[in-house]
1. Regarding the range 73-88, can at least one residue be identified that is touching a strand residue (DSSP E or B) at 6+ places or on another chain (Cβ under 6 Å) and at pLDDT below 90?
2. Kindly check whether there is at least one residue in the range 19-30 that is more than 18 Å from W103 (Cβ to Cβ) and at pLDDT 95 or above.
3. Within the range 231-318, which strands (runs of 3 or more DSSP E) (wholly inside it) include 2 or more residues that are open to solvent by less than 40 Å² (accessible area, probe 1.4 Å) and farther than 15 Å from V145 by Cα?
4. Go through (1) assigned to a helix (DSSP H, G or I); (2) surrounded by 23 or more Cβ atoms within 10 Å (Cβ to Cβ) for K179 and report which single condition fails.
5. Can you name every residue in the range 143-159 that is in a strand (DSSP E or B) and open to solvent by 20 Å² or more (accessible area, probe 1.4 Å)?
6. Exactly one of these conditions fails for D323: (1) part of a helix (DSSP H, G or I); (2) open to solvent by 10 Å² or more (accessible area, probe 1.4 Å); (3) touching a residue at least 24 places away in the same chain (Cβ under 8 Å). Give me its number.
7. Identify, please: which residue in the range 172-201 is among the hydroxyl-bearing types (S, T, Y) and free of Cβ contacts under 8 Å to residues at least 60 places away in the same chain and is, among those, nearest to A337 (Cα to Cα)?
8. Please list, ordered by first then second residue, the pairs with beta carbon atoms under 7 Å, 6 or more apart or interchain, first in the range 148-171 and closer than 19 Å to E232 by Cα, second open to solvent by 40 Å² or more (accessible area, probe 1.4 Å).
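The values are calculated or read from the model by the stated rules, or taken from the named source; none is laboratory data. Worth saying up front: this structure is predicted, and the values here are computed from it rather than measured. Because the Cβ atoms are built from the backbone with ideal geometry, glycine has one as well, and the counts that use them run over all protein chains shown. Surface areas here come from the heavy atoms of the whole protein model, side chains and all, with no ligands, DNA or RNA. Shrake-Rupley method; radii C 1.70, N 1.55, O 1.52, S 1.80 Å.
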Amino acid sequence: MKLTRRAFAITGCALALAAGAGWAQDVPAGYPNDYAQLVEAAKSQGKVVVYTSTDIAQAQAMLDAFTQKYGIQVEYNDLGTNGAYNRAISEAAANQMGADIVWSSAMDLQMVLAADGYAETYASPETGNLPEWAVYQDQIYATTVEPIGIIYNTGAISEEEFPRTRADLIAYLNENRDKLRGKVATFDPEKSGTGFLHHTNDVEQTDNFWDLAKALGAVGVRTYSSSGSMRETVVSGENVMSINIIGSYALEWVEDSPNLGVAFGEDYTAAFSRLALLTKGAPHPDAGKLLIDFMLSHEGQSALAAGGLPSVRSDVTTGLNIDSLNERVGGSLKPIAVSEDLLTYMAPQKRVEFFREWNAAIGK
C-alpha cells in the first residue's frame, strides 16, 4: 500500500459560502445547550484534517454533507492503514501532530494509538445511538460495520456450488486442489493492516482458521495488499476466488461485474468497523469533534451508507444498516468489538507467533 497516496477532498468554496447563514440552526436536536459554542469554535478553526485508509469514493458524500452543513473544509489524506498510523505517531513524536482525526479500518492499530496515549477523550453526544460494542472509553468510535466475505468468479464456480460455511469452504479447497491451484487469493497480513486484522480475528473467533490457512497453502494461495487488486484478478479469471476481503466493497462490485459473485458464511461472518479518534494535540480540535459527531449522526451515517459503507446505527434507512446487513449475510454477522482485545496480536511475541504459523501454513 502506498504510504504517500494522498487525496485532498477540499470541498468547494460554493459549499462553504452556502453554509454561512443560520449557524444557530446547525445544532442538532437533542444535543447539549452549549453545543453552539463548539460549532462556533469549530467554524473559527475553519478546517479539519483527516488521516485515513478509506477511499475518497466511499467518503465523498459524507464529507460534502459536512462542509455543506458547517462551511468547514476537510483536508482528506488517504494514507492506507499503516501509513495513517505511522504518520500520526511520527508527528506526535516531533510535537507536530498534523491530523485532527485518524479514521482507519485497522481497528487494532487504532486501539494501539489509544493505548499509547495518542487519542483525546471526547464524549460524543451521539454515543447513545451506537451499539455498546462500538465505543471505547469516549476515545474511539466505530463509524461503520462491514462484513468480511469472499468474492468468486461465477464462470468458474456457480452460486449453487459455492460453499456455505467455513467447514464447507475448507473441504472444497481440499477436494479441488488441482482445479484451484494458484487461483485463490487472500490478504497478505504482512503488507495489509486490514488483512492482519481479518486473519487474527478469525484465529480468535473460530476453531478452524489454521485448517483454512493450511488448505490455502495446499492450493498455492496468492496474497495481495488490497481488496481492489484482488477484485481485478477474480473478474479477469486469473484467480477463482478471494477470501477474507472487504465485503462492503464486494456488495457494490457485484452490481457492476456480471461474472462476480459474493458470499458470506452462513455460520460465521465477521465484520470490522472503520474507527475514528480525535488525536491528542490536534491542530483543529473543535472542528475534529464536530466531524466525529457528524460522522456518527443520522445525517452523517446516511451519507456514509449512501457511499457503500453500512451504518453502525439501526435507524438509518439509506443503504444498509447493522440490522439489514445482518439479514443480508444470513443472520451470522459478528462485529469485532472496539475493545482492548484488539491489542492481543499487537504484542510483539504474538505477532511473531502468528506470522510464523501463517507462513508455515501457506508454505511461504
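1. Within the range 73-88, one or more residues are touching a strand residue (DSSP E or B) at 6+ places or on another chain (Cβ under 6 Å) and at pLDDT below 90.
2. So far as the range 19-30 goes, no, none of its residues is more than 18 Å from W103 (Cβ to Cβ) and at pLDDT 95 or above.
3. The strands (runs of 3 or more DSSP E) meeting that bar are 241-246, 260-263, 275-278.
4. For K179, the failing item is (2).
5. I150
6. (3)
7. Here the residue is T186.
8. Partner pairs satisfying both residue conditions: I151/R231; N153/N259; T154/N259; G155/N259.
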